[in-house]
Amino acid sequence: MSVLQELNISKTLELSRLSPCKKSLPIRVYKKVYAQIGKGVTIEGPERLDIGKKPRTYCYLDSIFTLCDNSKLIVNGHFQIFTGCRVVVNPGACLEVGNGFINANAHIVCFEKIKIGQNVAIADSVRIRDSDNHQITSSPHIKTQPVEIGDNVWIGAGATILKGVKIGNGAIIAAGSVVTKDVPPACLAAGVPAKVIKSDVKWEL
């Protein structure tokens, strides 16, 4: 099957028109993606973004990709969001990605800013969100804080990355971990909540 047969052509063309990139189809929206684009959306610099792409061993799953009013999408490389995704960039928020991928059934919910660096590998069923959504009024509480994932980071299957977290370059997040605090560069963090269990780690695809 050709790439064109696998694409949601209308949404691919709609999103690609918003892009300043002159390459043919810098944004590719695949089958079974429900894509909703609000007013005043800004898309910057995409080399290439794939939304809802299917790995060889998967079938196409229902996916949601929403850019709300006045939101911003920045693509600094070739980034692949695989099928079954739920990506929501809320009004006025910014999602920034580099080279890499996030595997099937991922959830990215952005209320302020989520930044994913270069050469990042994110496994299936990972959740990334920068807000608690609800305000705790009984104690001092910051509801929403940006999330920053550095370069050459590997995030294992089923991990959750929560508000205010910075993950350093070269870090590894073990499968199933819940990250609530910063992870230093080149460290392996694991657990609920995640804690650093090893330093000076290296990994490769």
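The values are calculated or read from the model by the stated rules, or taken from the named source; none is laboratory data. As the structure is a prediction and not an experimental result, all values here were calculated from the model. So basically every Cβ, Gly included, is an ideal-geometry build from the backbone, and we count neighbours across all protein chains shown. Surface areas here come from the heavy atoms of the whole protein model, side chains and all, with no ligands, DNA or RNA. Shrake-Rupley method; radii C 1.70, N 1.55, O 1.52, S 1.80 Å.
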Report summary line: When (1) open to solvent by 50 Å² or more (accessible area, probe 1.4 Å); (2) of a type in the set (S, T, N, Q); (3) free of Cβ contacts under 8 Å to residues at least 40 places away in the same chain are applied to Asn76, the one that fails is (3)
Query raised in the report: When the residues of segment 55-73 are filtered to those that are among the charged types (D, E, K, R) and touching a residue at least 12 places away in the same chain (Cβ under 8 Å), which remaining residue is surrounded by the most Cβ atoms within 10 Å (Cβ to Cβ)?
Result: Lys72
Report summary line: Scanning segment 80-89 for residues that are crowded, with 21+ Cβ neighbours inside 10 Å and not β-branched (Val, Ile, Thr), the one farthest from Ala121 (Cα to Cα) turns out to be Gly84
Requested in this report: Name every residue in segment 185-196 that is open to solvent by less than 60 Å² (accessible area, probe 1.4 Å) and in a loop (DSSP other than H, G, I, E, B), in order of residue number.
Outcome: Ala186, Gly191, Ala194
Report task. Of all residues in segment 143-152, count the ones that are within 19 Å of Gly77 (Cα to Cα) and either open to solvent by 10 Å² or more (accessible area, probe 1.4 Å) or in a loop (DSSP other than H, G, I, E, B) (or both). Result -> 4
Query raised in the report: Which of the residues that make up segment 161-176 are in a loop (DSSP other than H, G, I, E, B), in contact with an Asp or Glu (Cβ under 7 Å, 6 or more places away or on another chain) and of a type outside the set (A, V, I, L, M)?
Result: Lys163, Asn169
Query raised in the report: Any residue at all in segment 118-138 that is surrounded by fewer than 21 Cβ atoms within 10 Å (Cβ to Cβ), closer than 13 Å to Asn169 by Cα and among the polar types (S, T, N, Q)?
Result: yes
**Report entry** Which numbered condition Ile142 fails, given (1) closer than 20 Å to Ile116 by Cβ; (2) more than 21 Å from the chain's Cα centre (by Cα); (3) of a type outside the set (Ser, Thr, Tyr)
**Finding:** (1)
Report summary line: Residues of segment 1-35 being farther than 24 Å from Gly98 by Cβ and open to solvent by 60 Å² or more (accessible area, probe 1.4 Å), in sequence order, are Met1, Leu4, Gln5, Ile9, Ser10, Leu13, Lys31, Lys32, Tyr34
Query - Selected residue (criterion: most open to solvent (accessible area, probe 1.4 Å)) from residues of segment 153-170 that are touching a residue at least 24 places away in the same chain (Cβ under 8 Å) and over 15 Å from Ile102 (Cβ atoms) - result: Asn169
Query raised in the report: Would you say Gly52 is within 27 Å of Asp151 (Cβ to Cβ) and either open to solvent by less than 70 Å² (accessible area, probe 1.4 Å) or not in a loop (DSSP other than H, G, I, E, B) (or both)?
Result: yes
Query raised in the report: Can you name the condition, by its number, that Ser199 falls short on among (1) of a type outside the set (Asp, Glu); (2) under 22 Å from Lys72 (Cα atoms); (3) surrounded by fewer than 20 Cβ atoms within 10 Å (Cβ to Cβ)?
Result: (2)
